[in-house]
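Scroll down for the structure; my scribbles are underneath it.
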Amino acid sequence: MRPAGGTDGGALPSAVRVVALVLLAGGALYAALLAVRPDDDRAAVAVRAPRVEDGRSVVAQPGPRPKPLVVERFAGTRDLDLKTSAFRFIRLVPQPPADVCAAFGTAGWDAGPWGPSPLGDLDECVASKVFGGRKQAEAFAVLRGRETLLEVRIKLNLYDGARRAEAAGEIASLVSGFFERWNWEGAAGLRQRIVALDPFEETAHGTRVVLSRERGEVERWNLSLRFPSPPKPPEDKPKASTLADIAAMAGVPVQTVPPERDTP
């Protein structure tokens, strides 16, 4: 018969040995972790290589030259007109020149027909009027133009001061009447300045009006009205100004490539 507790007494030493083995394995693993992981700052130290600086000056090297602008001349590219244009509002005489000339005849002037001028390529008509008598005052008018009226010149000769107000007033009414008929502003002020025979010069919407007196014993006045010409029609073939010309004007180097050639 086995003594009581004999089996338990043999199992106890085996359990102790298993626990001891587990403790030994855990201690070995803990020691291995402590060897790998540093526990102070001495484990990581950075060491830099010595740096040698050159005290000599370094000459800057020029950079690469910019590539030229490549502009292809396409067959469908139209030339551009590079002329600078100053846009301004101008007034053309809306009445046909022949009708303006006829208006002088309606006002009592001796007016001729509108036709080619013997002095050039313009058309013209001439009108005249005597005030009082041949030796008192007389006026001459010349109208020139093409499809529109371009110029009116009136010369007033005052031989007798008694006709001064009459002649100046009639010329002022005739000229300012044209401005009113054409719906142009400034008709009233223009009439007052001509009636006063006060020299002046002014330009409004392309129309230049000048009243001046000639030197001499006889009082002579010249009234000039210059009207703007109608705009010229566009040219059929404008001057060549391509995209390459635009780049050249801007100072950019240009390399022209034909349409059939591939750009590198």
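The values are calculated or read from the model by the stated rules, or taken from the named source; none is laboratory data. Everything numeric here is computed off the predicted structure, so don't read it as measured data. Here the Cβ positions follow ideal geometry from the backbone for every residue, glycine too, while neighbour counts run over all protein chains shown.
For the range 200-210, a residue qualifies if it is in a strand (DSSP E or B) and either among the small types (Gly, Ala, Ser) or touching a Lys or Arg at 6+ places or on another chain (Cβ under 7 Å) (or both), and the qualifying residues are 200, 204, 207, 208. For the range 157-170, the criterion of being closer than 21 Å to residue 190 by Cα, buried (at least 16 other Cβ atoms within 10 Å of the Cβ) and touching a helix residue (DSSP H, G or I) at 6+ places or on another chain (Cβ under 6 Å) is satisfied by at least one residue. State yes or no: is residue 231 in a loop (DSSP other than H, G, I, E, B), within 20 Å of residue 149 (Cβ to Cβ) and modelled with pLDDT under 90? Yes. Scan the range 162-170 and give yes if some residue there is at pLDDT 95 or above and touching a Pro at 6+ places or on another chain (Cβ under 9 Å), otherwise no. Checked against the condition, which is being at pLDDT 95 or above and touching a Pro at 6+ places or on another chain (Cβ under 9 Å), the range 162-170 yields no hits at all.
For residue 141, the criteria (1) free of Cβ contacts under 8 Å to residues at least 12 places away in the same chain; (2) assigned to a strand (DSSP E or B); (3) not basic (Lys, Arg) hold in every case but one, which is (1).
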